[in-house]
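The structure appears right after this line, and notes come after that.
Where a number appears in this text, it was derived from the coordinates with a stated rule and is not lab data. These numbers were taken from a predicted model, which means no experiment stands behind them. Glycine gets a Cβ as well: all are built from the backbone with ideal geometry, and neighbour counts include every protein chain shown.
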Amino acid sequence: MARYRGPREKIERRIGEHLFLKGERSYSPKAGMTKRPYPPGVHTRRAMKKSEFGQQLISKQKVRAIYRLLEKQFKAYIKKAIISKTDSYTGVVEGLECRLDNVVFRGGFAQSRDQARQVVGHGHILVNSKRVNIPSYQVRRNDLISLREGSKKSVYFSNLMPQWFAKVDAPDWLEVNKDKIEIKVKGAPTLEASGLKIDDLQAIIEYYSR
C-alpha cells in the first residue's frame with residue numbers, strides 16, 4: 001500500500017498541532033512544531049481565518065496524518081462508518097484504532113505508526129499464533145498479538161525495543177504482557193482512549209457526507 005513519504009514535521013506545522021509522528025523526537029526540543037510553530041513557507045506566520053470547509057479539510061488532514069493513511073483508504077473508513085448501523089463516531093474510531101499497525105504502536109512494539117507498519121509488513125507479527133503482514137488487518141476482541149520467535153533475536157526487538165517497551169502506557173482496551181511481550185485485545189477502543197477530538201470527527205463526517 002502506497003503511503004506519504006514526505007517530511008512529517010511539515011504536516012504538523014501546516015496543521016498547527018503536535019501530532020507526534022516521529023516517536024521520541026516529537027517530545028524533544030528538536031521537534032518541528034516546537035522550533036517553528038507556524039506553517040512552512042514564506043510569509044506564513046500571520047494567522048488566517050478559515051472557512052467551514054477549510055476547517056473540515058484541516059480536520060481530515062490531521063486524522064489522516066495521525067494514522068498515516070492516504071486519501072482513498074481513509075475515505076473508505078469514513079464512508080463505512082457513515083452507512084453503518086452503529087454511531088458514526090464509534091465506527092470511525094474502531095475502524096482506525098483496530099488496525100493492526102495501530103495496535104502494534106499502541107502496545108509498544110514500535111515508537112511510531114510508520115515504524116509499526118514496517119514491523120507488520122516485514123512479517124514480525126503474529127495474530128493468534130498466525131503470521132499477519134497486512135498493516136490494515138482489523139483486530140477483534142480476544143485477539144492475541146505477539147512476536148514471531150525468530151524476530152525476537154533481531155537487534156531491533158532484543159536491544160532497541162526494550163528501551164521504550166518497559167515504559168509503554170497502553171489504552172485500557174489493550175492488555176500488554178511485558179514479560180511475554182504480548183498484546184491482548186480486551187474490548188473496543190473508545191473516543192477518549194484514541195485521543196481524537198469529537199469536533200474533528202464531526203467535521204470529517206460532514207466533509208464526506210456532502
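Taking K and R as +1 and D and E as -1, what net charge do the other residues with C-beta under 13 Å from the C-beta of Asp169 add up to? Could you put the intermediate results ahead of the total?
Values: positive: Arg106, Lys167, Lys178; negative: Asp172, Glu175.
Surrounding charge for Asp169 is +1.
Where a ≥ b ≥ c are the square roots of the eigenvalues of the C-alpha gyration tensor, would you call the range 70-210 rounded, which needs a/c under 1.5, or, failing that, prolate if a/b is larger than b/c, or oblate?
Prolate, because a/c is 1.5 or more and a/b exceeds b/c.
How would you rank 187-196, 94-103, 155-164, highest first, on the average number of other Cβ atoms within 10 Å across their residues? Let's see the in-between values first.
On the way: 187-196: 16.3, 94-103: 23.2, 155-164: 13.3.
Packing order, densest peptide first, comes out as 94-103, 187-196, 155-164.
Hey, what did the range 99-185 get for relative contact order, percent, Cα under 8 Å, at least 6 apart? Write out the running numbers ahead of the final one.
Details: 128 pairs, mean separation 26.1, N = 87.
Once normalised by length, the contact order is 30 percent.
Count of lysine pairs in the range 99-185 with Cα atoms under 17 Å apart, counting only pairs 8 or more residues apart in sequence or on different chains?
Step by step, the pairs that qualify in the range 99-185 add up to 9.
With charges only on Cβ, +1 for K and R and -1 for D and E, what is the dipole size of the range 105-194 about its Cα centre, in debye, rounded to 20? Mind dumping the intermediate values first?
On the way: 15 positive and 9 negative charges, 61 e Å.
With only Lys, Arg, Asp and Glu charged at Cβ, the dipole is about 300 debye.
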